[in-house]
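A quick write-up on the structure given underneath.
Read the figures in this text as sums done on the coordinates, not as results from a lab. Nothing here was measured: the structure is a model prediction, and the numbers come from that model. When we count neighbours, we look across all protein chains shown, and the Cβ atoms used for this are built from the backbone with ideal geometry, even at glycine.
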Amino acid sequence: MTPSWYDVLGVDPDASTEEVRAAWRAAIADLDPADRRFRSLNQAAEVLLDPERRAAYDATLEPDAGLDADPATGTDPGPDGRTAAPLAAGGPSASRPPRSPRVVPGWSLVVAGVLAVALAALTVLALVSPAASGEADAEEAREVAVRAIVPVLSYDYRSMDESAAAASTYMTSAFKTRDYDPLFAVLQENVAETETVVEAEVVDSGVVRTGEDRVEVLLFVDQPTTNVRFTEPQTYQNRVVVTMVKDGEDWLIDKLVTTGTGPAAGE
């Protein structure tokens, strides 16, 4: 019998959202992002942390029955019982309204295409010192990452300079010069025509690994997007891994990798 998403996370079918979230964070804490289990655990969390997807998934389960799809493949049954392609990020809390259709915003497309080559380097970062950063430091870094990723993955065609300035306060000078500024320059060449507005929203987050003055954080991010083609927000779900480094008293983004792919609306 194939294990269910509940089995993957080691929780009961009636587990609360907080229990699911705690189990997911604990399970990924010591895993390398390249580990096959890492993807399965994240996929399980994406389904079980989204009330609508969880309800639809539960409806496909019979007593003592397992998944219709193998969790390791990164797929799960949809409401009609068919296997759906995996989404790029996790679901919302129970209080959030139903989501609109998903499309990739311009920033996600650019970051995915240009920074994908950094994924291999990210997964072998020198984060091998066990508990070199204390639990309190890791939690502080996660909280800063949650705040930082919003301006870093957001922009408004009407105020691009302000968008860049807000994002810059959360990143190292190396990341800003090496990665952010060149990508943002590309966006600025197109946004006047596309009238794109992207507003990032963090759905959930967890610490992947810690090292000396360095913490790797996984974030599930929604990116509601409007442009000349879509005046109603279209939401893209994204999974982002950021590396936070300690600079004096501040935690700053030094690396960023997103798994978002696909055509951008209005681009």
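Which of GLU195, GLU189 has the fewest other C-beta atoms within 10 Å, and how do the rest follow up to the most? Write down the numbers at each step before the final one.
Details: GLU195 16, GLU189 8.
In increasing order of surrounding Cβ atoms, one gets GLU189, GLU195.
ALA192 to SER168: extension gain in nm, 0.36 nm per residue of separation minus the Cα-Cα distance? Let's see the in-between values first.
Numbers: separation 24, 0.36 × 24 = 8.64 nm, distance 2.13 nm.
Fully extending the segment from ALA192 to SER168 adds 6.5 nm.
Applying 1/(1 + (r/R0)^6) with R0 = 30 Å to the Cβ-Cβ distance of ASP30 and GLU201, what FRET efficiency is obtained, to the nearest 0.05? Walk me through the intermediate numbers first.
Numbers: r = 28 Å, r/R0 = 0.93.
The calculated FRET efficiency here is 0.60.
Where does each of THR60, THR226 land when they are ranked from fewest to most other beta-carbon atoms within 10 angstrom?
On the way: THR60 18, THR226 21.
Ascending number of Cβ neighbours within 10 Å: THR60, THR226.
If you take every DSSP beta bridge whose two residues both sit in segment 183-266, what share of them, in percent to the nearest 5, is antiparallel?
Details: 31 of 31 bridges.
Antiparallel bridges make up about 100 percent of those DSSP assigns within segment 183-266.
Fewest to most neighbouring Cβ within 10 Å: what's the order for SER163, SER16? Don't skip to the end; give the middle numbers.
Working: SER163 23, SER16 11.
Least crowded to most crowded, the residues run SER16, SER163.
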